[in-house]
Amino acid sequence: MQPSEPMLRGSGDKPTSPSLLANPLDFISEDHLRERQICAVIDGLASADALDRQAATTVLRFLNEELNVHLRDEMEDLFPLLARRCAEEDAIEGAIDRIRADQDEAMRLLPEVRAMLAGCLDRGADLTAKERAVLSRFAGHVRRHLVAENAILLPIARARLTRADLKTLSKHMRTRRGLPDSTETTDAE
């Protein structure tokens, strides 16, 4: 049997492939790459004098179709699993609290960000200086929680979560996306 080739990371320019759901921590890591890419697009929108309609549409699609599901993966499953599995010396509760604070602030700004981008697209208008500042603040909060998740939570999750935890996490993530459980097979199989 040949060793499998390591999977190359995506560019973050499209939604994370559902094929990664078999390895839910890899899927979350890839989703983080996607979020960082979207933050770069937001930075471009915030620094441009004229609205890039395609970039604004990409950001809106991400915010409307991907972000909420990803945050639910973390808040409803990953964070509680970590809280149950981690030892006191991991100090996971404090890390989760800091991450949630940035997520909460990003979520507080989210309706305004959506409305601004949709409004500019509808009117064919450019973003104002105030709107560009809101976009920058939003991207900053998203980046801060990503840094903490990638540097603290995911390495601890890889060390502490059991196979059963990962299977449960994968199942919940698949269900959240309307996908069948990975143990289900088609009639052709």
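The values are calculated or read from the model by the stated rules, or taken from the named source; none is laboratory data. Since we're looking at a predicted model, the values are computed, not measured. Here the Cβ is made from the backbone with ideal geometry for all residues, glycine too, and neighbour counts use every protein chain on show. Just the protein is used for accessible areas: all its heavy atoms, side chains included, with ligands, DNA and RNA removed. Shrake-Rupley method; radii C 1.70, N 1.55, O 1.52, S 1.80 Å.
Here are some notes:
- For the chain, the dipole from Cβ point charges (+1 on Lys and Arg, -1 on Asp and Glu) about the Cα centre works out to 200 debye, to the nearest 20.
- With protein chains left intact and a 1.4 Å probe, residues in the chain average 56 Å² of accessible area per residue.
- Tilt relative to the chain, helix 53-62 - C-alpha long axis, 0 to 90 degrees, to 10: 40
- Under 18 Å from K171, Cα to Cα: aspartates and glutamates that are on another chain or at least 8 residues apart: D26, E30, D31, E66, D73, E74, E76, D77, D181, E184
- Considering only I156, A91, M116, and ranking their Cα positions along the charge dipole of region 71-189 that arises from unit charges at the beta-carbon of Lys, Arg, Asp and Glu, the one farthest toward the positive end is M116.
- A simple charge model with +1 on the Cβ of Lys and Arg, -1 on the Cβ of Asp and Glu and nothing else charged puts the dipole of region 24-100 at about 240 debye relative to its Cα centre.
- Length gained on full extension, E89 to D43: 12.9 nm, using 0.36 nm per residue less the C-alpha separation.
- Counting only DSSP H runs of at least 4 residues, each contributing -39500 (n - 2.57), and dividing by the residue count of the chain, the helix-based mean residue ellipticity at 222 nm comes to -20500 deg cm²/dmol.
- Working note: Karplus 6.51/-1.76/1.60 with θ = phi - 60° gives region 13-24 the couplings 8, 8, x, 5, 5, x, 4, 6, 4, 5, 10, x Hz, where Gly and Pro are set to x.
- Dipole magnitude (debye, nearest 20) for region 93-188, charges at Cβ of Lys, Arg, Asp, Glu: 200
- Cα gyration tensor shape of region 1-155, rounded if a/c is under 1.5, else prolate or oblate by comparing a/b with b/c: oblate
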